[in-house]
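Asker: There's a structure below that I have some questions on.
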Amino acid sequence: MKIKPFAVEEWMNAYETQAKYNIAETCVYSVSMNELFGLCGVDQQAFLSEFTARRLTYGDITGAASFKEGVCRLYKTLTPDELVTTHGAAGANHHVFYSLVEPGDRVISIMPTYQQLYSIPESFGADMHIMHLKEENGYLPDLDELRALAAPGTKLICINNPNNPTGALMSGALLREIVKIAEGCGAYVLCDEVYRHLTQGDEWSESIVDLYDKGISVSSMSKAFALAGLRLGWIATHDRDLLASLLSHRDYNHISCGMFDEALASVALSHSDTLLRHNRQIVRENLAILDDWVKSEPRIHYHKPQAGTTALVYYEYDLDSYTFCKRLLDETGAFVTPGDCFEEPKSMRIGYANDRQDLVDGLNAVSRLLRTLEAEGK
């Protein structure tokens, strides 16, 4: 099977370890096990004593009950038997396409977004249609454009909320309009929701699975819960036919998730309010730092994120984004992601939810490169 190179991941794989200031990271600042137990008020020794007495079998093939119950509390309408556990959200997205999309199926995806949402179905032979999100529309879907694309028989509409890389957030009202369009053509709606709950305001984060019987929510422990090392995600849907297909295909490539991953995730999800409150504080305080920096740079602009951990920041210098970002890394040690990875030229994706001092130092390093470019007459 041929598939396009995964631009973001290839960039990260090639250069991330060389960074002095990593402001490309998209997770909230990761917690250690010690910090997790401390934040959750859980007896670490009792947990480890109980776990180390277990035999290391495959565990619960369809997912530990405590983990699935914890995930369900993040939704309004979900039951544990409507969940399929996966190896991260990357595994979840891939598994949905692997289980659902056949050659010739009409699939619609937004762009910019995580490349999985269009390159994987395209590689499976889907009839792909791209809906480009526009800065002047706040990177929100144009409903008229979506209606025009959503021809009868459309198999799947792929969205990402909150959006990576822009930080745009679709309201519940907008999601309901997308559901109406999907109902009109009989399509499933896959929503990658890995940044859900990381809002700048205190509103409830709507999920597509709570709004639509053929909605598919994909998420994980990586971004909002700062536990990427667990490599644990899930697919949530009410659609029984899809659930049967997901479970059938899962037998070929998955078997089960790790017992230890699920046990730690269960601890985190049993105290999800505490962890999310902690992580929202990080994204809110750090976004204020990024926003002040953008305002201070006359040849930099962005549409301020409403949620998530990333921002798409545009620059007004005569360099393509790969050259810009490589020079930034080589000359200052600051690491960001080229906008061209998302087909957004003369821009960079900045992850602002990592270590606060790294963010400050990394932005100062970007400013130093900008002064150099100005001296060069760029």
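Asker: Name the single residue, out of those in the stretch 210-222 being crowded, with 21+ Cβ neighbours inside 10 Å and either touching a Lys or Arg at 6+ places or on another chain (Cβ under 9 Å) or of a type in the set (Gly, Ala, Ser) (or both), that is nearest to His271 (Cα to Cα).
Answerer: Met221
Asker: How about the stretch 233-257: which of its residues are open to solvent by 30 Å² or more (accessible area, probe 1.4 Å) and either within 27 Å of Ser49 (Cα to Cα) or touching a Pro at 6+ places or on another chain (Cβ under 8 Å) (or both)?
Answerer: Listed by number, the list holds a single entry, Ile255.
Asker: Between residues in the stretch 243-259 that are over 24 Å from Ala228 (Cα atoms) and touching a residue at least 24 places away in the same chain (Cβ under 8 Å) and residues that are aliphatic (A, V, I, L, M) and assigned to a helix (DSSP H, G or I), which pairs lie under 7 Å by C-beta distance while being six or more apart or on different chains?
Answerer: Going by the 7 Å Cβ cut-off, the qualifying pairs are Ser245/Leu100.
Asker: Which of the residues that make up the stretch 1-60 are of a type in the set (Val, Ile, Thr), over 30 Å from Leu328 (Cβ atoms) and either open to solvent by less than 70 Å² (accessible area, probe 1.4 Å) or outside any helix (DSSP H, G or I) (or both)?
Answerer: Within the stretch 1-60, Val42, Thr57 qualify.
Asker: Which one of the conditions (1) in a strand (DSSP E or B); (2) modelled with pLDDT under 95 does Ser205 fail to meet, given that it meets all the rest?
Answerer: Ser205 satisfies all of (1) in a strand (DSSP E or B); (2) modelled with pLDDT under 95 except (1).
Asker: If you check every pair at least six apart or on different chains, which have Cβ atoms under 7 Å apart with a residue in the stretch 147-164 that is over 8 Å from Ile108 (Cα atoms) and of a type in the set (Phe, Trp, Tyr) first and a residue that is assigned to a loop (DSSP other than H, G, I, E, B) and modelled with pLDDT under 95 second?
Answerer: Correct list of pairs: empty, since none qualify.
Asker: Taking the conditions exactly as written (touching a helix residue (DSSP H, G or I) at 6+ places or on another chain (Cβ under 8 Å) and at pLDDT 95 or above), does Pro298 satisfy them or not?
Answerer: So Pro298 does not fit the description; no.
Asker: Okay, next question. It is to be established whether one or more residues within the stretch 221-229 are under 22 Å from Ala311 (Cα atoms) and part of a helix (DSSP H, G or I).
Answerer: yes
Here's the yes/no breakdown for (1) in a loop (DSSP other than H, G, I, E, B); (2) in contact with a strand residue (DSSP E or B) (Cβ under 8 Å, 6 or more places away or on another chain); (3) at pLDDT 95 or above:
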| position | (1), (2), (3) |
| --- | --- |
| Tyr114 | yes, yes, yes |
| Met128 | no, yes, yes |
| Leu146 | no, yes, yes |
| Thr154 | yes, yes, yes |
| Ile157 | no, yes, yes |
| Pro162 | yes, yes, yes |
| Arg176 | no, no, yes |
| Arg196 | yes, yes, yes |
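Asker: Can you tell me which residue is nearest to Tyr98 (Cα to Cα) among those in the stretch 123-155 that are surrounded by fewer than 19 Cβ atoms within 10 Å (Cβ to Cβ) and charged (D, E, K, R)?
Answerer: Asp127
Asker: In the stretch 165-204, what count of residues is obtained for those that are open to solvent by 10 Å² or more (accessible area, probe 1.4 Å) and polar (S, T, N, Q)?
Answerer: Counting residues in the stretch 165-204 that are open to solvent by 10 Å² or more (accessible area, probe 1.4 Å) and polar (S, T, N, Q) gives 2.
Asker: Considering only the stretch 260-298, how many residues are without any contact (Cβ under 8 Å) to a residue 60 or more places away in the chain and surrounded by 18 or more Cβ atoms within 10 Å (Cβ to Cβ)?
Answerer: Result for the stretch 260-298: 1.
Asker: Among the residues of the stretch 328-343, is any open to solvent by 30 Å² or more (accessible area, probe 1.4 Å), under 16 Å from Val8 (Cα atoms) and of a type in the set (Asp, Glu)?
Answerer: There is at least one residue in the stretch 328-343 that is open to solvent by 30 Å² or more (accessible area, probe 1.4 Å), under 16 Å from Val8 (Cα atoms) and of a type in the set (Asp, Glu).
The values are calculated or read from the model by the stated rules, or taken from the named source; none is laboratory data. None of the values given here were measured: they were computed from a predicted structure. Ideal geometry is used to build each Cβ from the backbone, glycine not excepted, and the neighbour counts take in all protein chains shown. Heads up: the accessible areas ignore ligands, DNA and RNA and are worked out on the full protein's heavy atoms, side chains in. Shrake-Rupley method; radii C 1.70, N 1.55, O 1.52, S 1.80 Å.
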